[in-house]
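Asks: Sharing a structure, written as structure tokens. Questions coming.
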Amino acid sequence: MADHAANAAHAATAEHPAYPVGLRLKGRRVVVLGGGQVAQRRLPALIAAGADVTLISPSATPSVEAMAEAGEITWTRRRYEEGDLADTWYALVATRDAAANAAASAEAERTRTWCVRSDDAEAATAWTPATGRSEGVTVAVLTGHDPRRSAAVRDAIVEGLRDGSIAAPTHRARTPFVALVGGGPGDPDLITVRGRRLLAEADVVIADRLGPRDLLNELPPHVEVIDAAKIPYGRFMAQEAINNALIEHAKAGRSVVRLKGGDPFVFGRGMEEAQALAAEGIACTVVPGISSSISVPGAAGIPVTHRGVAHEFTVVSGHVAPDDERSLVDWASLAKLTGTLVILMGVDKIDKIAEALIAHGKSPDTPLALVQEGTTASQRRVDATLATVAETVRTQEVRPPAVIVIGDVVAESPDKLTN
């Protein structure tokens with residue numbers, strides 16, 4: 001009998017599907033009954049919609065309680081009572097009391113209040129779709145009695161909009177942009193969602209050698225890809241030539257992405273490019289990226305901080321040796337720190353760096369790891385100590401790009417780690 005009833009309900013849904021509509025709830029009264037997990041999931045969207053939310057429940061999860069303490073919702077600490085839905089535009093019924101749920105649902109029916117029930121979808125007058133958003137577009141999916149499928153369809157559409165695999169041309173004129181995008185440490189999956197979307201919208205991409213190169217293969221054929229390492233310099237220095245290319249394409253009305261490895265502002269010269277654009281009156285967007293200083297050690301199983309071992313980590317550039325007059329790094333102070341030291345661009349100077357740290361008091365036995373081509377299929381980890389690293393780099397033929405991690409956290413790595 002139960003299967004027959006379920007099939008009948010499903011047939012009724014197929015014959016009369018739900019009518020989709022977007023509720024504009026700003027400043028309008030919404031009542032949520034029950035402060036459990038359902039409320040915890042649904043309340044943020046109601047708050048974001050600007051609804052005047054009243055929660056009626058004798059208890060709530062810590063997250064829901066925090067919303068009340070922050071003044072985002074009004075919490076009435078008791079059970080549902082007849083009349084609670086007066087002057088209410090929308091109600092979410094999600095208590096564990098079946099009788100209270102039925103009574104609230106009946107009140108909603110009498111007062112013509114759209115009502116969602118978490119315990120009995122068929123008794124509800126409204127359903128909550130699986131919802132996602134991407135740059136001003138709201139995707140809401142209803143599949144009747146299959147919420148997992150709704151969520152899967154929602155996720156596929158939103159991901160497609162974000163990464164550009166679903167073409168969604170706008171009928172309004174698009175405003176050209178310039179974006180300095182951090183591509184992350186190398187694995188194309190580690191670029192941010194926003195960075196991937198801007199790549200999909202670009203007319204021109206000026207890419208670094210250390211950026212996530214695999215992403216360039218996904219670009220449409222009309223996109224002009226410029227290898228920053230091969231820009232003709234002429235009378236300009238390399239960075240000046242890159243700045244001029246950004247300015248030239250921006251002034252031509254093109255959407256330009258400067259795709260950089262890691263984060264634009266972590267040894268990425270992003271500020272130099274932003275300043276050059278600003279000097280020409282060109283605004284730009286900075287999209288942060290996952291820095292190799294934390295992601296590459298993590299991918300190799302090395303925590304840059306660890307309870308009882310390291311309460312700090314310091315990131316420095318190693319492209320200038322400690323004995324070079326151009327160096328801005330206080331190696332003597334770094335040698336005295338007890339935390340983790342992460343060195344970028346330091347493979348060819350690691351012998352002098354190790355010598356300087358030891359000379360300033362760092363133990364020669366301090367553990368050290370070099371992670372080459374981190375987060376990519378070619379990732380390789382080589383362990384050493386400050387005393388042995390110079391010889392290890394030579395015999396193991398460690399080559400850039402590689403991140404160097406110095407400190408006791410190196411010894412804390414788990415035996416097995418999958419990426």
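Asks: Using modelled backbone amide H atoms (1.01 Å from N, in-plane), which distant-in-sequence or interchain residues come within less than 5 Å of ARG258's amide H?
Replies: ALA179, LEU180, VAL181, ILE206
Asks: I've got another one for you. Test of the criteria: in the range 248-334, which chymotrypsin sites (Phe, Trp or Tyr not before Pro) are in a DSSP loop and have at most 12 other Cβ atoms within 10 angstrom of their Cβ?
Replies: Qualifying residues, ordered by number: none.
Asks: Right, another one. The range 326-400: which GluC sites (Glu not before Pro) are DSSP loop and have at most 15 other beta-carbon atoms within 10 angstrom?
Replies: Answer by residue number: GLU397.
Asks: With contacts defined as alpha carbon pairs under 8 Å and 6 or more residues apart, what's the relative contact order of the range 182-286 in percent?
Replies: 33 percent
Asks: Right, something else. Whole Å is fine, so just give me how far the alpha carbon centre of the range 241-269 lies from that of the range 88-128.
Replies: Cα centres, the range 241-269 to the range 88-128: 53 Å.
Asks: Assuming R0 = 22 Å, what is the FRET efficiency of THR305 and THR388, from their Cβ-Cβ distance, to the nearest 0.05?
Replies: Plugging the Cβ-Cβ distance into 1/(1 + (r/R0)^6) gives 0.35.
Asks: When the Karplus curve 6.51 cos²θ - 1.76 cosθ + 1.60 is applied with θ = phi - 60°, which whole-Hz ³J(HN,Hα) does each residue of the range 375-385 get, with x for Gly and Pro?
Replies: Here the 3J(HN,Hα) series is 6, 9, 5, 9, 4, 9, 10, 10, 9, 7, 10 Hz.
Asks: With a point put 7 Å past each Cα toward its Cβ, work out how far GLU325 is from ASP365 in nm, to one decimal.
Replies: That separation, rounded to one decimal, is 4.0 nm.
Asks: Check which residues have an amide H placed less than 5 Å from ALA130's amide H, if you skip close sequence neighbours.
Replies: Those qualifying (amide H under 5 Å, at least 5 residues apart or on another chain) are VAL141.
Asks: For the range 67-166, what is the accessible area per residue in Å², given a 1.4 Å probe and the full set of protein chains?
Replies: Result: 60 Å² per residue.
Asks: Here's something else I'd like to know. Mind giving me the nanometre distance, one decimal, between the label points for GLU82 and ASP146, set 7 Å out from Cα along Cα→Cβ?
Replies: Result for the modelled spin labels: 4.2 nm.
Asks: Out of every Cα-Cα pair in the chain, what percent are more than 40 Å apart?
Replies: Roughly 42 percent, rounded to a whole number.
Asks: So what are the ³J(HN,Hα) numbers for the range 62-75, from phi and the Karplus equation (6.51, -1.76, 1.60; θ = phi - 60°), rounded to whole Hz, Gly and Pro as x?
Replies: My calculation for the range 62-75 gives x, 5, 5, 4, 5, 5, 5, 5, 7, x, 6, 9, 9, 10 Hz in order.
Asks: Another one. Ignoring ligands, DNA and RNA, please state the percent of accessible area on the chain from carbon and sulfur, probe 1.4 Å.
Replies: Accessible surface attributable to carbon and sulfur in the chain totals 52 percent.
Asks: Also, I was wondering about something else. Going by amide H atoms built from the backbone, whose H comes under 5 Å of the H on TYR90, apart from near neighbours?
Replies: When sequence neighbours closer than 5 places are left aside, the close amide H contacts are VAL31.
Asks: Please identify the longest segment of the chain free of exposed trypsin sites (Lys or Arg not before Pro), where exposed means a DSSP state other than H, G, I, E or B and no more than 14 other Cβ atoms within 10 Å.
Replies: Maximal segment without exposed cleavage sites: 327-415.
Asks: On to the next question. Which ³J(HN,Hα) values in Hz, rounded to whole numbers, follow from the phi angles of the range 35-40 under the Karplus curve 6.51 cos²θ - 1.76 cosθ + 1.60, where θ = phi - 60° and Gly and Pro get x?
Replies: Whole-Hz 3J(HN,Hα) from phi for the range 35-40: x, x, 5, 4, 4, 4.
Asks: Say the dipole of the chain comes from +1 at the beta carbon of Lys and Arg and -1 at that of Asp and Glu; which of SER134, TRP331, GLN379 then lies farthest toward its positive end?
Replies: After comparing all options, I get SER134.
Asks: Efficiency by 1/(1 + (r/R0)^6): what FRET value for ALA48 and THR395, r their Cβ-Cβ distance, R0 = 45 Å, to the nearest 0.05?
Replies: Once rounded, the FRET efficiency stands at 0.20.
Asks: Ok, one more. Counting alpha carbon pairs within less than 8 Å and at least 6 residues apart, what relative contact order, in whole percent, applies to the range 285-419?
Replies: In percent, rounded to a whole number, it is 30.
Asks: Over the chain, what relative contact order in percent results from Cα pairs under 8 Å that are six or more residues apart?
Replies: Relative contact order here is 10 percent.
The values are calculated or read from the model by the stated rules, or taken from the named source; none is laboratory data. Everything numeric in this text was worked out from a predicted model, so none of it was measured. Virtual Cβ from ideal backbone geometry, glycine too; neighbours counted across all protein chains shown. Side chains included, ligands, DNA and RNA excluded: accessible areas come from the protein's heavy atoms. Shrake-Rupley method; radii C 1.70, N 1.55, O 1.52, S 1.80 Å.
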